[in-house]
Every structure is written in C-alpha cells, then in structure tokens.
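Everything below concerns the one structure shown next.
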Amino acid sequence: MLLAEQPPRPVEAIERFRDAGLLSASLQPKLFEASIVYLLGDREKAISDQRALLLREPRNRTGWLLLGNWLLVSDPGAAAIAFRQAELLDGRIPSPPP
C-alpha cells in the first residue's frame, strides 16, 4: 500500500484512486481520496469533497460516518446530523434526545 510505504506516497495513491474512479460506477474511490486528503491535513477540502460525494450518493453509510468523525471538533451539530444519517441507513432506530 502506497500510504504504508516508507516514505509514504500519498500523491500517487490519490492518482490511483482517481484512475479507479474512472472505471467505477461507485463513488468509493472518491471516498478513499477524500480520506487521504483529510489525513494530509487539508480538512476543509476533504470535508467539502465528502459533502459533494454524499450529494451524489446519499446512501453511502461509510461516507456519512467519515464526515461525522471529521466534523466532531469543528461542527458538533453537523457531525450529529451525519451520524444520524448513517444510523438511518443502518436501519437502527434513533435514540431519543437526552
């Protein structure tokens, strides 16, 4: 894996995910790409990319979970909404507010 190599090769990993996206009907490669961008420190871009992905693929439970985690510190309200979306997709009954 390019990210586990020493030194890591994130730019090449992003390029490979972009190439994979051209061959995939799913937006899963975009989700991985946003994750790398987030880990590289460009959190604003990653969050923006993730929101765009979820507009196109709103039933992507993993995408909602990632977004929720990324927003926990900067926007807890939006994080709660993202977690709720993931919960609804999972079929779990949401718990009542405290």
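Here is a yes/no grid of residues against (1) within 15 Å of Leu67 (Cβ to Cβ); (2) surrounded by 12 or more Cβ atoms within 10 Å (Cβ to Cβ); (3) modelled with pLDDT of 85 or more:
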site: Leu3; (1), (2), (3): no, yes, no
site: Arg18; (1), (2), (3): no, yes, no
site: Ala34; (1), (2), (3): yes, yes, yes
site: Gly41; (1), (2), (3): no, no, yes
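Restricting to the range 59-98, count the residues that are in a loop (DSSP other than H, G, I, E, B) and modelled with pLDDT of 90 or more.
6
Pro8 - would you say it is at pLDDT 65 or above and either in a helix (DSSP H, G or I) or not β-branched (Val, Ile, Thr) (or both)?
no
The values are calculated or read from the model by the stated rules, or taken from the named source; none is laboratory data. Because the structure is predicted, anything quoted here is derived from the model rather than measured. So basically every Cβ, Gly included, is an ideal-geometry build from the backbone, and we count neighbours across all protein chains shown.
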